[in-house]
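Computed from the coordinates by the stated procedures, all read-outs in this text should not be read as laboratory data. Quantities reported herein were computed from a predicted structural model and do not represent experimental measurements.
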Amino acid sequence: MAGAVAAVLLAGGGLAACSTDANKVDATGGGGYGFVQQAPGQDFVAPAQRRAAPKLAGETLDGDQLDLASLRGKPVVLNFWASWCAPCRAETPHLVTLAADNPDVAFVGVDEKEEPASARAFVRDFKVTYHSVIDRLGTLAAGWPISIGLPSTLVLDAEGRIAARFTGGVVPEDLTKILAQLRTEA
């Protein structure tokens with residue numbers, strides 16, 4: 001019996017060791033994105049180390065099509081959220097205020113794994129003014145260097161490269177600092 005368990009453990013370890021594809025996203029901070037932790041749940045990438053953001057395009061909650069690439073030329077705050085997520089509910093009013101206070105920044109939501117009707121009610125109740133792309137199965141989120149929990153927020157620079165990442169609820173002051181830093185880089 002002990003020999004069988006050892007064989008299974010060795011086989012499993014061997015399989016895990018085979019996963020060395022450098023193109024795979026590592027949500028823990030690797031994957032070549034150059035993340036440097038600034039504070040718990042907050043990472044930043046120096047301009048010289050930034051990589052292009054993965055592609056993201058799809059239908060929005062209001063039925064339009066949105067392609068993230070069309071927003072190049074200005075910073076983008078990309079927030080992965082769901083109406084059933086308590087931290088998402090807590091951070092949303094702050095994101096709505098920040099979007100209104102920063103018209104030079106594009107804010108985009110990605111609604112994760114829920115019925116669009118629930119998401120539309122959330123957007124209505126929280127008076128969210130920016131678009132949210134529907135990611136009903138989580139396939140859009142799977143290509144991004146984020147943790148599997150919600151919320152997650154990424155900030156892209158004007159060139160469409162990942163500049164910062166927030167895991168968990170984002171604090172307005174922290175996001176404001178990142179946006180100010182991006183303005184000084186321009």
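Worth pointing out:
- Amide H within-cut-off set for residue 42, under 5 Å, with H built and near neighbours excluded: 167
- Considering only the stretch 48-186, percent of DSSP beta bridges that pair antiparallel, nearest 5: 60
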